[in-house]
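J.: This is the structure I want to talk about, given as structure tokens.
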Protein chains: 2
Amino acid sequence: METKENILALGEFTHKTAPTKSINVNGADFTYRSFGKKEGIPVIFLQHFTGNMDNWDPEVTNAIASNYPVILFNNRGVGSSNGTTPENVTEMAKDAVDFIRALGYNKVNILGFSLGGFIGQEIAANYPELVNKLILAGTGSIGGKAIAQLESHLEKAFVDGPDRVLINLFFSKTPSSIKAGEAFLERLSERKIDRDSPTSQDTIASQAKAIINYGLATDENNTQLKAIKQPVLIVNGNQDNMVDSINSYIMLQNIQNAKLVLWSDSGHGGIFQYSKDFSQEVNSFLLN
Amino acid sequence: METKENILALGEFTHKTAPTKSINVNGADFTYRSFGKKEGIPVIFLQHFTGNMDNWDPEVTNAIASNYPVILFNNRGVGSSNGTTPENVTEMAKDAVDFIRALGYNKVNILGFSLGGFIGQEIAANYPELVNKLILAGTGSIGGKAIAQLESHLEKAFVDGPDRVLINLFFSKTPSSIKAGEAFLERLSERKIDRDSPTSQDTIASQAKAIINYGLATDENNTQLKAIKQPVLIVNGNQDNMVDSINSYIMLQNIQNAKLVLWSDSGHGGIFQYSKDFSQEVNSFLLN
């Protein structure tokens with residue numbers, strides 16, 4: 001259990017130095033790192049397809065950590081967590097909720113990126129008492145445009161070799177966006193010690209099934225979006241090729257209390273291209 | 001001419017106290033008020049259909065004035081300005097440019113709301129050297145969705161009598177949005193002395209023609225939006241019944257360097273419903 005003692009130690013650490021800890025959740029060890037402000041409702045980061053804790057941008061996590069406790073973690077089977085990754089978003093959401101409760105929290109802020117945003121919506125709708133505020137980045141609702149075409153998106157992203165996949169998936173084709181992508185990759189390598197483990201091919205296959213099925217599912221009346229009553233900040237780049245940017249507009253139109261922020265000249269990883277503005281939006285959203 | 005002496009006096013005044021001044025622009029007297037910060041690139045406010053200087057929300061103008069010089073004015077024939085209001089956006093833009101230059105400025109920030117946003121786009125595209133940054137609120141581009149249906153929008157707005165027109169046009173039908181609308185009307189009446197004159201029926205008719213023709217015009221390749229190279233902040237409510245909110249999304253997709261902010265539970269006057277968040281967005285946008 002995350003004791004009061006652990007929490008008081010958060011402030012000593014940053015994205016770069018926070019030790020990787022582990023907690024048993026229903027039979028599997030979930031790895032996590034906590035750092036930042038000692039007091040306040042923590043911000044739980046829900047990661048994208050294939051990503052582990054090292055895939056978060058330190059410029060974002062540290063900026064939010066200067067105002068709130070920040071908790072990065074690997075869901076069941078992801079990165080250095082063990083256990084078997086479920087093949088659907090609903091079970092991933094339940095795992096994340098169990099992890100949050102195992103840490104001893106009964107109220108958190110959630111920041112979900114892409115697949116993490118699918119999970120975040122489900123948690124906010126189905127475990128409303130647990131969620132204070134929700135941040136949805138580069139994501140969409142059940143059956144959202146272009147989500148089910150994951151394989152086609154990945155094929156296009158791999159054409160320049162494995163080193164360029166993240167840039168192809170997360171950034172636009174303009175020189176300014178590509179440059180921002182390269183700076184983002186640099187930041188991801190800033191943490192030198194105690195790096196996370198890569199996500200296994202089995203987990204990636206299970207996540208892919210979950211994403212494709214989420215994209216193929218339907219929720220014609222947007223009942224899940226309408227069930228979200230917490231304040232929501234929705235953000236994305238304007239040319240998201242993985243989860244079409246129009247999905248952000250649609251979420252805004254169906255969530256009761258939401259603010260939408262989209263940036264030009266950017267894609268799925270708009271929050272990393274505009275890391276400063278994004279962090280400022282998050283801090284202001286959580287404060288007000 | 002706005003002399004250095006006048007500019008140094010800005011800081012003494014607020015929305016409520018700034019005296020109405022007048023300057024001759026190509027044969028007509030344009031009325032204006034300036035207040036706020038003494039130094040920096042001023043923010044020129046371009047007003048909506050029928051509106052005069054008293055239609056600006058003091059919560060917005062004062063918040064921006066705490067960081068920048070603010071200039072409210074009536075374009076040709078509007079409110080207490082004299083002259084004949086032109087029947088097209090292009091001439092309105094030229095009048096606004098001539099007014100700005102008559103004040104002695106060669107670089108300004110522009111905040112255009114609705115019709116003011118049509119004018120703002122034209123100025124940024126056609127007088128690029130004059131515009132530092134552009135804020136587009138509750139507006140759309142040439143031929144934008146629902147703009148030409150002005151008469152139908154007005155008919156619906158008048159059903160509850162003249163006192164409710166602004167609330168019907170600017171706010172959503174939810175209790176929270178209507179309440180925000182009533183608070184906005186209260187704020188509009190805060191200035192007690194030296195009130196502006198109502199806009200004449202002739203001017204309103206000319207403005208209506210300009211709006212409808214702007215909505216009927218086409219710019220299929222979005223050449224005007226693509227000609228805007230300055231940083232642009234685009235904002236609106238999510239349910240704008242006058243200038244459909246999707247127009248904001250379309251502007252984002254065609255302006256090179258833009259950020260879009262939309263708020264839920266709000267309409268055409270989203271910037272007044274979320275006056276604090278809007279002012280914070282503007283100040284942050286102008287600063288960075």
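The values are calculated or read from the model by the stated rules, or taken from the named source; none is laboratory data. Everything quoted here is computed from the prediction, not taken from an experiment. All Cβ positions, even for glycine, are placed from backbone atoms using ideal geometry, and neighbour counts span all protein chains on display.
J.: Which residues, taken from region B:67-89, are of a type outside the set (Asp, Glu) and under 14 Å from residue B:119 (Cα atoms)?
T.: B:73, B:74, B:75, B:76, B:85, B:86, B:88, B:89
J.: A further question on this structure: For region A:230-288, which residues satisfy the criterion of being hydroxyl-bearing (Ser, Thr, Tyr) and either surrounded by fewer than 24 Cβ atoms within 10 Å (Cβ to Cβ) or at the interface with chain B (Cβ under 8 Å from one of its Cβ atoms) (or both)?
T.: Scanning region A:230-288 gives A:249, A:264, A:274, A:275, A:279, A:284.
J.: Here's a follow-up. For region B:158-172, what are the residues that are small (Gly, Ala, Ser) and modelled with pLDDT of 95 or more?
T.: B:172
J.: Another question, then. Within region B:26-39, track down each residue that is within 20 Å of residue B:280 (Cβ to Cβ) and part of a loop (DSSP other than H, G, I, E, B).
T.: Once the filter is applied, which keeps residues that are within 20 Å of residue B:280 (Cβ to Cβ) and part of a loop (DSSP other than H, G, I, E, B), region B:26-39 yields only B:37.
J.: From A:158, A:184, A:171, which residue is more than 14 Å from chain B (Cβ to nearest Cβ) and buried (at least 24 other Cβ atoms within 10 Å of the Cβ)?
T.: A:171
J.: If residue A:216 satisfies every condition in (1) surrounded by fewer than 16 Cβ atoms within 10 Å (Cβ to Cβ); (2) more than 23 Å from residue A:51 (Cα to Cα) but one, which is the exception?
T.: Evaluating residue A:216 over (1) surrounded by fewer than 16 Cβ atoms within 10 Å (Cβ to Cβ); (2) more than 23 Å from residue A:51 (Cα to Cα) leaves (2) as the failure.
J.: Quick one: residue A:94 ticks every box in (1) surrounded by fewer than 17 Cβ atoms within 10 Å (Cβ to Cβ); (2) free of Cβ contacts under 8 Å to residues at least 24 places away in the same chain except a single one, so which number is it?
T.: Against the list (1) surrounded by fewer than 17 Cβ atoms within 10 Å (Cβ to Cβ); (2) free of Cβ contacts under 8 Å to residues at least 24 places away in the same chain, residue A:94 comes up short only on (1).
J.: Another one. Assess whether residue B:193 counts as being crowded, with 16+ Cβ neighbours inside 10 Å and either under 17 Å from the mean Cα position of the chain (by Cα) or modelled with pLDDT of 95 or more (or both).
T.: Against the criterion (crowded, with 16+ Cβ neighbours inside 10 Å and either under 17 Å from the mean Cα position of the chain (by Cα) or modelled with pLDDT of 95 or more (or both)), residue B:193 does not qualify.
J.: Shifting gears a bit: With A:224, A:207, A:253 as the choices, which residue is free of Cβ contacts under 8 Å to residues at least 12 places away in the same chain, part of a helix (DSSP H, G or I), farther than 22 Å from residue A:273 by Cβ and not aromatic (Phe, Trp, Tyr)?
T.: A:253
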